[in-house]
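The values are calculated or read from the model by the stated rules, or taken from the named source; none is laboratory data. Quick caveat, the model's predicted, so the values are computed rather than measured. Neighbour counts are summed over all protein chains in view; Cβ atoms, including those assigned to glycine, are modelled from backbone coordinates with ideal geometry.
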Amino acid sequence: MRVLVLGSAAGGGFPQWNCNCDNCKGLRQGTLRARPRTQSSIAVSADGTNWVLINASPDVLAQIAAHPELHANQSIRDTAIRAIILVDSQIDHTVGLLMLREGRPLEVYCTAAVKDDLSDRNPIFVVLQNYCTVRWHPVPLAPASPFVIPELDGIRFHAVPVPGKAPPFSPHRAQPHPGDNIGLMIEAADGRAVFYAPGLARIDNTVAACLARADFLLIDGTFWTDDEMIRRGVGIKRAHEMGHLALAGPGGMLEALSRRRARTILTHINNTNPILNEDSLERRQLDQSGIEVAYDGMVIEVERRRSAVETPA
């Protein structure tokens with residue numbers, strides 16, 4: 001099984017178009033040792049030919065263009081993307097659906113809560129019915145009841161309800177509903193698994209079990225501290241108010257990850273996060289802990305005899 005990191009940034013990407021924080025300014029001016037990043041999404045394949053897209057970011061066209069594996073290769077109008085799984089209804093995970101409107105019907109797998117948001121308050125599904133159309137496939141909210149996708153032989157997906165926030169436009173924003181946010185346990189034929197959770201508000205018992213079970217963690221690294229947006233002068237909300245558990249501090253993500261057995265990679269990195277600076281003290285702390293930071297184009301190979309993260313040639 002192969003997992004391709006298409007985008008590793010939080011909403012807005014890095015650098016963010018309207019941000020002049022130290023990170024964004026430094027990257028633009030070439031004074032910061034960091035990589036630019038598009039908004040978070042991954043693709044998964046068992047054979048390198050048929051792929052499932054997990055989240056469709058606003059940067060999806062650039063992400064597809066950057067990866068020949070996803071290009072049309074069998075007929076004059078074609079795609080290697082067989083289906084799309086959405087882990088939530090956030091704008092930065094769904095707007096890319098509109099960019100895929102020229103193709104065949106979109107096979108979209110998501111929870112009923114996400115479908116409702118995308119059919120009512122932010123009616124992307126309704127708009128797409130006038131173009132390629134959407135074929136909705138409900139995702140079971142039971143980690144013990146996996147679902148499969150045709151043409152992705154040998155891969156099972158387990159939807160894991162996780163604590164988080166529905167988008168500001170959702171009627172569930174202040175009253176979370178089951179299915180607003182999920183993580184995915186992505187399991188290869190031999191049982192090896194990747195747990196993908198780009199949005200986590202806290203570590204509950206279900207999430208803790210996934211952290212212990214997986215061979216790879218591709219997990220929320222949005223903010224370093226809970227007050228990061230305030231401290232950087234770019235916002236008034238704390239991380240937990242936005243549905244993210246900060247990395248540092250008592251009870252933070254790093255504390256939970258200290259007990260992990262899996263190889264761990266942080267994704268969905270906000271443009272204000274100091275770990276984007278490869279020379280920062282915070283990045284050095286991660287390096288010393290054996291925790292990696294995802295980057296666009298990272299490839300995770302999940303094999304029977306070994307697991308490795310490789311940089312594509």
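The set of residues in region 245-262 being out of contact with any Lys or Arg (no Cβ under 8 Å at 6 or more places or on another chain), assigned to a loop (DSSP other than H, G, I, E, B) and either on the phi < 0 side of the Ramachandran plot or among the basic types (K, R) (or both) consists of A246, L247, A248, P250, G252, S258, R259, R260, R261, A262.
For region 252-306, a residue qualifies if it is closer than 23 Å to N55 by Cβ and of a type in the set (D, E), and the qualifying residues are E292, D296, E301. Contact map, region 268-295: first residue in a strand (DSSP E or B), second residue among the charged types (D, E, K, R) and at pLDDT 95 or above, Cβ cut-off under 7 Å, separation 6 or more or different chains; pairs are I269/R37.
Kindly check whether there is at least one residue in region 117-133 that is in contact with a His (Cβ under 9 Å, 6 or more places away or on another chain), closer than 25 Å to T267 by Cβ and not acidic (D, E). Scanning region 117-133, I find no residue that is in contact with a His (Cβ under 9 Å, 6 or more places away or on another chain), closer than 25 Å to T267 by Cβ and not acidic (D, E), so the answer is no.
For region 135-158: of the residues being part of a loop (DSSP other than H, G, I, E, B) and touching a helix residue (DSSP H, G or I) at 6+ places or on another chain (Cβ under 9 Å), which is modelled with the lowest pLDDT? Step by step, filter region 135-158, then rank; the result is P143. Applying the criterion of being buried (at least 24 other Cβ atoms within 10 Å of the Cβ) and of a type in the set (A, V, I, L, M, F, W, C) to the residues of region 176-199, the residue that is nearest to the chain's Cα centre (by Cα) is A197.
If only residues of region 220-274 that are in contact with a Gly (Cβ under 8 Å, 6 or more places away or on another chain) and aliphatic (A, V, I, L, M) are counted, the one that is farthest from Y196 (Cα to Cα) is M229. When R232, R260 are checked against the criterion of being charged (D, E, K, R) and touching a helix residue (DSSP H, G or I) at 6+ places or on another chain (Cβ under 7 Å), a single residue qualifies: R260.
What are the residues in region 67-83 that are loosely packed, with under 14 Cβ neighbours inside 10 Å and part of a loop (DSSP other than H, G, I, E, B), if any? Scanning region 67-83 gives H71, A72, N73, Q74, S75, I76, R77, D78. Examine region 225-244 for a residue that is in contact with a Lys or Arg (Cβ under 7 Å, 6 or more places away or on another chain), buried (at least 24 other Cβ atoms within 10 Å of the Cβ) and not β-branched (V, I, T), and state whether such a residue exists. Among the residues of region 225-244, at least one is in contact with a Lys or Arg (Cβ under 7 Å, 6 or more places away or on another chain), buried (at least 24 other Cβ atoms within 10 Å of the Cβ) and not β-branched (V, I, T), which makes the answer yes.
Residues that are surrounded by 15 or more Cβ atoms within 10 Å (Cβ to Cβ), in contact with a Leu (Cβ under 9 Å, 6 or more places away or on another chain) and under 20 Å from H177 (Cα atoms) occur in region 137-149; there is at least one.
Within region 288-313, being surrounded by fewer than 13 Cβ atoms within 10 Å (Cβ to Cβ) and at pLDDT 95 or above holds for Q288, G290.
Evaluate the following for V108: is it touching a helix residue (DSSP H, G or I) at 6+ places or on another chain (Cβ under 9 Å), at pLDDT 95 or above, among the hydrophobic types (A, V, I, L, M, F, W, C) and assigned to a loop (DSSP other than H, G, I, E, B)? So V108 does not fit the description; no.
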